[in-house]
1. Relative to the longest principal axis of the C-alpha atoms of the chain, give the angle of the C-alpha long axis of helix 286-298, reported between 0 and 90° and rounded to the nearest 10°.
2. Relative to the longest principal axis of the chain, what angle (0 to 90°, nearest 10) does the C-alpha long axis of helix 235-257 take?
3. Taking each pair of different alpha-carbon atoms in the range 181-300 once, compute 1/r for the pair, average those values, and report the inverse of that mean as the Kirkwood hydrodynamic radius in Å to one decimal.
4. Take the Cα atoms of the range 73-121, find their three principal axes, and give me the spread along each one in whole Å, biggest first.
5. Listing 277, 94, 211 from the residue with the fewest other Cβ atoms within 10 Å to the one with the most, what is the order?
6. I'd like the orientation of helix 67-77 relative to the chain: the angle between its Cα long axis and the longest Cα principal axis, in ° from 0 to 90, rounded to 10.
7. At 7 Å along Cα-to-Cβ for each site, give me the label-to-label distance between residue 213 and residue 228 in nm.
8. Length gain on complete extension for the stretch residue 155 to residue 250, per 0.36 nm per residue less the alpha carbon to alpha carbon distance?
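Since every read-out is calculated from the coordinates, none of them should be taken as a lab result. Treat the numbers as computed from the prediction; the structure is a model and nothing was measured. Don't worry about glycine lacking a Cβ; one is built from the backbone with ideal geometry, like all the others, and counts go over all protein chains shown.
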Ligand SMILES: [Zn+2]
């Protein structure tokens, strides 16, 4: 058995200049490909978890990581079906979910995301100076979208501002598998992208809505996760994330009410009651979440 520390090193938890671009992978196992149910599964290498539907009659890919890992993913998908991709979906605009779009552009005519994604992607790329390398969605949706691929129906829904201003939840209806994108950082500190339209109270509300829209049989895919909790789970994990965000809002709001400065509030590694979220090798510190929530609450 590998020690946990050794495992973390092996699975590449390297920090980058833009920390939300790094990621953790699922627990050790037959990674990077894992089937969840029917012909729906995940691919994990670096960046947000890729979801896929692969059969003789359909190939749908959810999120694209980075060009190099997108190529690895594509090689594996072509062992499952020889099709071009009928559809590529971006759950939101972040670089570790859209960075592989330039690779996938050669293998699909269609990249789908929420209406707000192209604008947010452009704004973020301009700030980082890589606007010229972006490949944007070719089509967008506002509130709901649905289409059949082979024997599966894929349904997208935007519940409102949460992790960003353009998050999509993707349901593979027959498999009853839902890709949550970065609406779930499973027991690790999340990136709360205020500049990208995030809302912490909105995020709490969205998780409750999604929880209520599905059932105990639904399997969920998460953008990122603690190695001990994984990048897949059930709807109870949605409420665990909601509880963490609620705890965070409560902590920051009571600090504001007591007149404490954001610097004092942010000087913490662990939120009481949520000790399991702390992970030494995780690139997003709790202090960063606290600053984001503080900004969110004080700008309202
Ligand atoms: Zn994200």
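1. Long axis of 286-298 versus the principal axis of the chain: about 80 degrees.
2. Helix 235-257 and the main axis of the chain meet at about 30 degrees.
3. On the way: mean 1/r = 0.0680 Å⁻¹.
Answer for the range 181-300: a Kirkwood hydrodynamic radius of 14.7 Å.
4. Projected onto the principal axes, the Cα atoms of the range 73-121 cover 34, 18, 15 Å.
5. Numbers: 277 24, 94 28, 211 18.
Listed from fewest to most nearby Cβ atoms, that is 211, 277, 94.
6. 50
7. Computed distance between label sites residue 213 and residue 228 equals 3.2 nm.
8. Details: separation 95, 0.36 × 95 = 34.20 nm, distance 3.38 nm.
Gain on extension, residue 155 to residue 250, equals 30.8 nm.
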